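Participant: Pasting in a structure now, in structure tokens, and then I'll have a few things to ask.
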Amino acid sequence: MAITFDQVPAGIRTPGNFVEIDGTGAVIGLVGMPSRILVLGQKLAAGTQAPLVPVRILDEAEAEAAFGRGSMLALMFRALKLNNRITETWAVAQVDDGGATAAAGSIGFGGAVTRAGTLTLYINAHFSRAGLHGRIRLAVAATDTPASIAASVAAAVNLQTDLPVTAAVNGVDDAQVDFTARNAGEAGNGIDLRHSYYQGEALPDGLTATVTAMTGGAGNPDIGDAVAAFGDQWFTDIAMPYTDAANLTALETELADRFGPTVQKDGHAFAAARGAHAALTTLGNGRNSPHLSILYASGSPTAPFMWAAALAGIAAFEAKQDPARPLQNLAIKGVLAPLPQDRFTREERNLLLYDGIATFKVTEQGDTVVLERCITTYEQNLAGVDDPAFLDVETLKTLAYLRFTYNARFALKYPRHKLADSDTQFGAGQAVMTPRLADAEAIVLFREWEALGLVENFDQFKADLLSERDGNDVNRLNQLLRPDIVNQFRVLAGKIKFIL
């Protein structure tokens, strides 16, 4: 009997019709790769979600209830869901570290108002589908004093419970408003305080305002606790709010292990940071992971942890659409652009792209923030040689998809096959895998990848393809594939030689 049956008994003597159903050849074409986002961050005591327990979050309102209104995690979900409402999203919440300190800043008012006007302050300003958040607008009368203005500002800030800070009039200087981050830790230093962001806004005549940036936040939670909490669950994209070396190393180590051949649960982490160009260079050059991207957020009124969540949402959505299509010229929704004088030049951004920092640009009209190039922090191989192999996120996303579909093809079509040499004369219906059959399947698979625009150079792939039985294990088939993955259209260089 040449045909291999899985359920119809061999040698059955009782008459009847016995027809089994076999689904191993049912799937035509490539299967879809899972996509799942994980958001890491801190909750507030008001949040109902227990810490260190993975939870699926559907929308911004659910995040606010779970983690507390104005918490880091609630704000990260606001940014993420504005950029991606489709991808399944989870979170692992952590509480503030026991030894952490909260970032603090202030605005001191002075002078004497000579004409009524409007005071416009911005505290972690950003957009959601509901509009602009973090803007405080107060009518100022000519009779108002710095002290009365400070009292009004503190009251107005505390009414906006989705802000990541609380406010109080300074106990010594009643013309100064002190701000304290709701969540303790280093990330609070990224909360922006300013006044008069948009063109046409200005302080009322005679009034002065001295802004002291948020500083002093220290002591992030140990991300290792969150990594242990999500265990073996597969997350393809991770929004990472911290950029301290210990936490980044812990997450990079976990992602490197998941990338390996015995786990194969590919994931990529997205973080963001603000700072001077030199500080960003130091940060980027201090990392060397193909599984981490750090986007600069310098000069923006929006906190870096919200930038990280927005980027993770964009990357997850786009990779599901097409993992090889370049992550460029995509609007980063919700974040506010730096003012023109605070933006990095093309030359400065180009340097960052050599130092492991992903970049954005701002449109000439409308001040829309646009992702320019999403690189990883990988710069050198283990020998210390400059290596562009894993420079771009698209490379990792494409390889992850190729590997997943490669594994799925063989697992779906050949789940219980025997293994024999290619020239074995077995019956056509037998469930037997051979090196020649493995070659043929890989070639078909390449053509399907090629049709999706993921690979190129078929002749090279076919020539380099190698399948063989292992010399030490007769039950093992080894296969070498060298797909030439498609590249991204980054630069057009033209030269116009004109004639008069």
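The values are calculated or read from the model by the stated rules, or taken from the named source; none is laboratory data. In this text, all values refer to a predicted model and were calculated from it rather than measured experimentally. Note that we place each Cβ from the backbone using ideal geometry, even for glycine, and neighbour counts take in every protein chain shown.
Participant: With region 258-375 as the region, which strands (runs of 3 or more DSSP E) entirely inside it contain at least 3 residues that are modelled with pLDDT of 95 or more and in contact with a Pro (Cβ under 9 Å, 6 or more places away or on another chain)?
Facilitator: Once the strands (runs of 3 or more DSSP E) in region 258-375 are filtered for at least 3 residues that are modelled with pLDDT of 95 or more and in contact with a Pro (Cβ under 9 Å, 6 or more places away or on another chain), what remains is 268-273.
Participant: Any chance region 320-331 includes a residue that's of a type outside the set (A, V, I, L, M, F, W, C), at positive phi and in contact with a strand residue (DSSP E or B) (Cβ under 8 Å, 6 or more places away or on another chain)?
Facilitator: yes
Participant: Any idea how many residues of region 445-489 are of a type in the set (Val, Ile, Thr) and more than 33 Å from the chain's Cα centre (by Cα)?
Facilitator: The number of residues fulfilling the criteria is 1.
Participant: Next question, about the same structure. Any chance region 395-409 includes a residue that's of a type in the set (Lys, Arg), closer than 24 Å to Phe5 by Cβ and in contact with a Leu (Cβ under 6 Å, 6 or more places away or on another chain)?
Facilitator: yes
Participant: Does Glu441 count as at pLDDT 95 or above, out of contact with any helix residue (DSSP H, G or I) (no Cβ under 7 Å at 6 or more places or on another chain) and within 18 Å of Phe410 (Cα to Cα)?
Facilitator: no
Participant: Please enumerate the residues belonging to region 175-234 that are within 20 Å of the chain's Cα centre (by Cα) and of a type in the set (Val, Ile, Thr).
Facilitator: Correct list: Ile191, Ile223, Val227.
Participant: Could you pull out every one of the strands (runs of 3 or more DSSP E) wholly within region 97-177 that has 2 or more residues that are without any contact (Cβ under 8 Å) to a residue 40 or more places away in the chain and not assigned by TED's automatic domain parsing to the domain that holds Ser298?
Facilitator: 131-140, 165-169
Participant: Do we have any residue at all in region 218-227 that's assigned to a loop (DSSP other than H, G, I, E, B), crowded, with 21+ Cβ neighbours inside 10 Å and of a type in the set (S, T, N, Q)?
Facilitator: Yes, because at least one residue in region 218-227 is assigned to a loop (DSSP other than H, G, I, E, B), crowded, with 21+ Cβ neighbours inside 10 Å and of a type in the set (S, T, N, Q).
Participant: Looking only at region 339-387, count every residue that is more than 21 Å from Asn288 (Cα to Cα) and either under 15 Å from the mean Cα position of the chain (by Cα) or surrounded by fewer than 22 Cβ atoms within 10 Å (Cβ to Cβ) (or both) and tell me the total.
Facilitator: Total satisfying the criteria: 19.
Participant: Looking at region 99-147, which of its residues are touching an Asp or Glu at 6+ places or on another chain (Cβ under 7 Å), of a type in the set (S, T, N, Q) and closer than 18 Å to Asn170 by Cα?
Facilitator: Within region 99-147, just Ser106 meets the criteria.
Participant: To continue, here is another question. For region 465-481, which residues satisfy the criterion of being of a type in the set (Gly, Ala, Ser) and out of contact with any Ser or Thr (no Cβ under 9 Å at 6 or more places or on another chain)?
Facilitator: Gly471
Participant: Give region 44-67 a look and list any residue that's assigned to a loop (DSSP other than H, G, I, E, B), touching a residue at least 60 places away in the same chain (Cβ under 8 Å) and in contact with a Ser or Thr (Cβ under 9 Å, 6 or more places away or on another chain), or say none.
Facilitator: Hit for region 44-67 is Leu44, nothing else.
Participant: Taking the stated definitions as given, is Asp244 among the charged types (D, E, K, R), buried (at least 21 other Cβ atoms within 10 Å of the Cβ) and in contact with a helix residue (DSSP H, G or I) (Cβ under 7 Å, 6 or more places away or on another chain)?
Facilitator: Criteria not met by Asp244.
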